Amino acid sequence: MPEGDSLFALAARLRPILAGKTLRRTDFRVPRLATVDLSGWRVDDVRSVGKHLLIDVSDDDRRCTIRSHLGMDGSWRVFAPGQRWSKPGHTARAVIGVDDAEVVGFALRELHVDGRDDDGLAHLGPDLLGPGWDAERAVANLAAAVERDPGLTVSAALLDQRIMAGVGNIYRNEICFLLGAHPSTPIADVDTQKAVALARELLWDNRLRPIRNTTGLPGRANHWVYGRENRPCRRCGTAIARMAGQDRDRVTYYCPTCQPAIGSRTDPAPGRK
Ligand SMILES: [Zn+2]
């Protein structure tokens, strides 16, 4: 599932393929962008902000940014010119051709061509992997969110990209475990500085890893709770529980012992290994 670290790695992979190159072909297969043609423009940079991929392009006096969000099923793939695509053509939303490669965005949830001032991202909180990462601002945003909604849960707060950008469903689950917090705990009852620090640490450590690991444990013990329904908790042995979410990308996993529901906590929260 693409989270902030996946996008960071994707930008790092596409940057050497696209940056500095002249676009030979662009084909945006969404109605709003059907007439946009950026062929002849140059790629200045490829970067990520939160869960968005940004391709900065310019010609002599104009600059714009191709911005996409993968959502649940989206991907960007790289092909040699003329190579057969590995995904169905009707799911392609963007085709970006340079002399020696064709970069195709499939099943993108969002695709925009913005001005270069990142207006389309103005709603986002600080980017967990960005050069301007600001933990204090993220903590302040959390405090402000609690003011607006005192019942805001730790789960909902972690996923709210306006507070900080980059956490997706896997990290949400893992951070709740590391906080010793049941996912429906009000964020007001959680150490928000620790929550922000954990989010940053986990995403940063994983930004270029081929396989995401939130546990620091060897072997294939990559997650504490995510995807581990009915399997024993790595800390206490209790069977991991699963709650279905409203959306299929919002499934929640937790340890009923390490993450007791509010009011039922008897032991101190487990510290991170
Ligand atoms: Zn446990």
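The values are calculated or read from the model by the stated rules, or taken from the named source; none is laboratory data. Since we're looking at a predicted model, the values are computed, not measured. So basically every Cβ, Gly included, is an ideal-geometry build from the backbone, and we count neighbours across all protein chains shown.
Going through (1) in contact (Cβ under 8 Å) with a residue 40 or more places away in the chain; (2) buried (at least 24 other Cβ atoms within 10 Å of the Cβ) one by one, Ile163 falls short only on (1). Against the test of being at pLDDT 95 or above, assigned to a loop (DSSP other than H, G, I, E, B) and either within 20 Å of the chain's Cα centre (by Cα) or of a type in the set (A, V, I, L, M, F, W, C) (or both), the options Leu38, Leu14, Leu54 yield a single qualifying residue, Leu38.
I'd like to check something: does the stretch 232-250 contain any residue that is outside the structural domain of Met72 (by TED's automatic domain parsing), part of a loop (DSSP other than H, G, I, E, B), acidic (Asp, Glu) and within 16 Å of the ligand (Cβ to nearest atom)?
Taking every residue of the stretch 232-250 in turn, none turns out to be outside the structural domain of Met72 (by TED's automatic domain parsing), part of a loop (DSSP other than H, G, I, E, B), acidic (Asp, Glu) and within 16 Å of the ligand (Cβ to nearest atom).
Applying a threshold of 6 Å to beta carbon distances and a minimum spacing of six or more residues, or different chains, the list of pairs starting in the stretch 223-241 at a residue that is modelled with pLDDT of 95 or more and ending at one that is more than 8 Å from the ligand (Cβ to nearest atom) and among the small types (Gly, Ala, Ser) reads Asn230/Ala239.
Restricting attention to the stretch 160-202 and to residues that are within 16 Å of the ligand (Cβ to nearest atom) and not in a helix (DSSP H, G or I), the residue that is nearest to the chain's Cα centre (by Cα) turns out to be Pro183.
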